[in-house]
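Asks: Dumping the structure here so I can ask a few things about it.
The values are calculated or read from the model by the stated rules, or taken from the named source; none is laboratory data. Remember, it's a predicted structure, so these values are computed and weren't measured experimentally. Cβ: placed from backbone, ideal geometry, glycine included. Neighbour counts: every protein chain shown. The accessibility values were calculated without ligands, DNA or RNA, using every heavy atom of the protein model including side chains. Shrake-Rupley method; radii C 1.70, N 1.55, O 1.52, S 1.80 Å.
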Amino acid sequence: MADLRSRCSISLHKILIVYYSRHGSVARMAEQISIGVDSNQACEAVLRCLPEVSANSEQREPSIPAQGVPYAQVSDLEDCAGLIIGSPGYFGNMAAPLKYFLDQTSPLWLGGSMIGKPGGVFTATSSQHGGQETVLTSMMLPLLHHGMLVTGIPYSEPALNQTSSGATPYGASHVAGQQGQPLSEHETAACRALGKRIADLSCRIA
Ligand SMILES: Cc1cc2nc3c(=O)[nH]c(=O)nc-3n(C[C@H](O)[C@H](O)[C@H](O)COP(=O)(O)O)c2cc1C
């Protein structure tokens, strides 16, 4: 749908979804969030992933991944109307590739490019009490420093009360287990609700 609207030259609000995913769970969440974004006819989800951080941090990955969506560039942030970032939970925090990407955004911070844009966060962990809330708040902190309007998911979304796995008021979440199990019905609903909420907010702000 977003492609069709783009081809019709309608100016859409770009909602950038930047994520790191080593084994695919966070990537599956990003796809559901993009469906939520695209449910707003005025918005277009733009998916971008992040490369591994190498042992030598200045050693760069090829600029185009072997498969899947393109890697995010810092410049992608400038013209987005909203930003949603996602990472697996690594010891209660975001994973290094997302932190490394965010640590390159100080020129945008100096220029105030992100001030007033809506922002949201999402994560997957292997265990239910493996630190999802702290991972989600760790990703909110840089967005707040950028002056973004950080939002979670309100309890008017039924999935938050019905879930027995992921989906939190701080953002979308998924309990992936040891084998990377599929998103539950409620986790999927929360992903879509987050995408739609950021999309709707970007329109109201504009
Ligand atoms: C270095 C490292 C630390 C991790 N720390 C935690 C943790 O503290 N709690 C948890 O539940 N899972 C933890 N995990 C598991 C990942 O969060 C989980 O496998 C996640 O679903 C991976 O997402 P992905 O499939 O998108 O890569 C850790 C994994 C790695 C590699």
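Asks: Solvent-accessible area per residue for segment 1-131 at a 1.4 Å probe radius, Å²?
Replies: Working: 6610 Å² over 131 residues.
Using a 1.4 Å probe on heavy atoms only, each residue of segment 1-131 averages 50 Å².
Asks: Please find the FRET efficiency linking SER126 to ALA55, where r is the Cβ-Cβ separation and R0 is fixed at 22 Å, and quote it to the nearest 0.05.
Replies: On the way: r = 24 Å, r/R0 = 1.09.
Approximately 0.35, to the nearest 0.05.
Asks: Given a 1.4 angstrom probe, I'd like the percentage of the accessible area of the chain that is carbon and sulfur, rounded to a whole number. Present the calculation step by step, with values, prior to reporting the outcome.
Replies: Details: 5360 of 10180 Å².
Exposed carbon and sulfur together represent 53 percent of the surface.
Asks: Arranged from highest to lowest average of other beta-carbon atoms within 10 Å per residue, in what order do the peptides 88-101, 13-26 appear? Show your work: numbers first, answer last.
Replies: Numbers: 88-101: 19.6, 13-26: 21.6.
By packing density, highest mean first, the sequence is 13-26, 88-101.
Asks: Hey, what's segment 141-206 come to in accessible area per residue, 1.4 Å probe, Å²? Don't jump to the answer; show the numbers that get you there.
Replies: Details: 3300 Å² over 66 residues.
Result: 50 Å² of accessible area for each residue.
Asks: Amide H to amide H, which residues 5 or more places from ILE15 or on other chains are under 5 Å from it, using H placed in the peptide plane?
Replies: GLU44, ALA45, VAL46, ALA81
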